[in-house]
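Remarks on the structure that follows.
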């Protein structure tokens, strides 16, 4: 695997079309940066459309989220661009991005969605 270098990651919100986004969940696209299927470690950029929601889910491992643009809200409050959120193992939450946002996310282990219905 070659090194990935983003010289100005904060500018991704200005030109998101430069990446080959893929559908991830309704209203959320993903650009995978790194994925190790053996350990579950994964890093990605997520792009939320305005109003996109992620249902209640459990964190098996640590999740690190850096909001690059826009904002998202969970049980701990509103998280605008520039906020770093670290969700520890055995925590859970849902979230919404009312204005839309782009985040850098690193999962130590995959999350488990509580209710797919």
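Read-outs throughout are calculated quantities, based only on the coordinates presented, and are distinct from any laboratory measurement. Quick caveat: nothing in here was measured; it's all calculated off a predicted structure.
The figures follow:
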read-out	value
Taking the range 45-117 and dividing mean pair separation by its residue count, relative contact order in percent (alpha carbons under 8 Å, at least six apart)	49 percent
Radius of gyration and Dmax over the Cα atoms of the chain, both given in Å	13.6, 40
Alpha-carbon Debye profile of the range 34-102, log10 I(q)/I(0) at 0.26 Å⁻¹	-1.29
Relative contact order [Cα under 8 Å, 6+ residues apart], the range 1-95, whole percent	23 percent
